[in-house]
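Take a look at the structure below.
The values are calculated or read from the model by the stated rules, or taken from the named source; none is laboratory data. Every value quoted in this text rests on a predicted model; they were computed, and no experiment measured them. Here the Cβ positions follow ideal geometry from the backbone for every residue, glycine too, while neighbour counts run over all protein chains shown. These accessible areas exclude ligands, DNA and RNA; they are computed on the full protein's heavy atoms, side chains included. Shrake-Rupley method; radii C 1.70, N 1.55, O 1.52, S 1.80 Å.
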Amino acid sequence: MKLTTASLTLLAALAALPATATTVVAAPARATTAGEQTPNLRARFNAAIEELQKKAVARGATREDYQRVVDQLTAAAKEHETAVPSLAPLRQRAAARIEDIETRARAGAVDAVEFDALRDSLVDMDLEIALGRLKTAALAGKYTRAEYQGFLDAWTARAASAKDGNPELDAITARAKAALEAIEKRAKEATALKDADVSPLGDCVAEYRTVFAVRALEKKAMAKKATKVDYDDITSAVRSTSGEEMAKKVAERLEQLKTAVDGGRITPEQFAELRTMLMTRARAAASGK
């Protein structure tokens with residue numbers, strides 16, 4: 001899928017910056033260290049998911065088939081969770097989505113689009129790993145072009161999974177570009193950066209993930225194909241960035257939306273209100289209000 005204009009601008013601007021790292025090593029099947037290329041979980045598990053999808057759609061997938069993918073994905077994610085603790089909730093959400101697919105497949109209701117959502121979960125995990133490695137290196141005074149490029153690659157993959165022409169996501173991409181430029185500048189001025197130097201980039205990742213999840217939920221809900229895990233994805237994303245209190249408020253709003261969907265009374269305006277609520281929260285958090 002074609003990247004948005006803002007994403008392409010980000011790519012061009014970042015690629016033009018001078019390199020400071022000397023070596024980029026392909027990701028092995030273990031936890032990586034600073035300076036190595038960020039692992040690509042989506043590419044690593046694409047074949048396994050493709051095979052599971054074929055079996056599931058044909059109603060031929062067994063309990064062992066689903067569990068095998070969960071076990072392999074869990075093991076791969078846990079290789080990085082010591083360095084990137086925030087990866088654990090994303091890994092759990094991916095496992096929950098596989099479980100949801102299995103449940104629906106047994107009822108004969110699974111659709112290939114469910115596996116696209118699973119692949120998106122892996123893209124989110126790749127981005128979280130890249131952000132974690134960049135932050136660790138920056139705070140330790142070891143920030144290099146390897147971490148920079150790893151994050152850029154992961155962000156580009158995240159943007160490529162979204163639709164073109166989405167002004168909300170384009171705006172977040174522009175802010176991510178500014179945050180990366182600020183990190184680059186500070187890294188040249190200081191041996192080690194502070195949390196405050198890196199947190200704006202983390203805010204962009206969290207906001208992008210949340211807005212994308214709402215967009216995905218809206219599309220599926222309007223087609224009457226949304227499942228519990230689709231709603232839970234948004235609550236989990238908000239919980240990880242804004243805490244339990246905000247997550248409860250969002251969960252209440254989502255329950256109202258689900259009731260409207262179930263009753264055939266849902267409208268696009270209701271999802272627009274949810275996005276506005278989340279965007280307002282994110283902007284207030286960014287400004288410290």
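Numbers for the structure displayed
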quantity: Debye-sum result for the stretch 88-230 in log10 I(q)/I(0), which assumes one identical scatterer on each alpha carbon, at q = 0.14, 0.18 Å⁻¹; calculated: -0.70, -1.01
quantity: Binned Cα-Cα distance frequencies in the stretch 37-109 - 5 Å width, integer %; calculated: 3, 15, 26, 23, 16, 9, 5, 2, 0
quantity: Calculated FRET value between Lys185 and Thr280, using beta carbons and R₀ = 35 Å, to 0.05; calculated: 0.75
quantity: Accessible area, probe 1.4 Å, largest first, for residues Thr82, Thr103; calculated: Thr82, Thr103
quantity: Reachable lysines, given that their alpha-carbon falls under 18 Å from the alpha-carbon of Lys188 and they are not under 8 places away in the same chain; calculated: Lys135, Lys142, Lys177
quantity: Label point distance in nm, Ala171-Lys54, each placed 7 Å from Cα along Cα→Cβ; calculated: 4.4 nm
quantity: The stretch 42-63 versus the stretch 124-140: alpha-carbon centroid distance in Å; calculated: 29 Å
quantity: Theoretical gain in end-to-end length, Asp71 to Ala140 [0.36 nm per residue, Cα-Cα removed]; calculated: 21.6 nm
quantity: Solvent exposure ordering (accessible area, 1.4 Å, most first) of Lys78, Lys225, Lys194, Lys177; calculated: Lys194, Lys78, Lys225, Lys177
quantity: At q = 0.24, 0.26 Å⁻¹, base-10 log of I(q)/I(0) for the stretch 97-154 (Debye sum, equal scatterers on each alpha carbon); calculated: -0.85, -0.93
quantity: Heavy-atom accessible area order for Ser199, Ser236, largest first, 1.4 Å probe; calculated: Ser199, Ser236
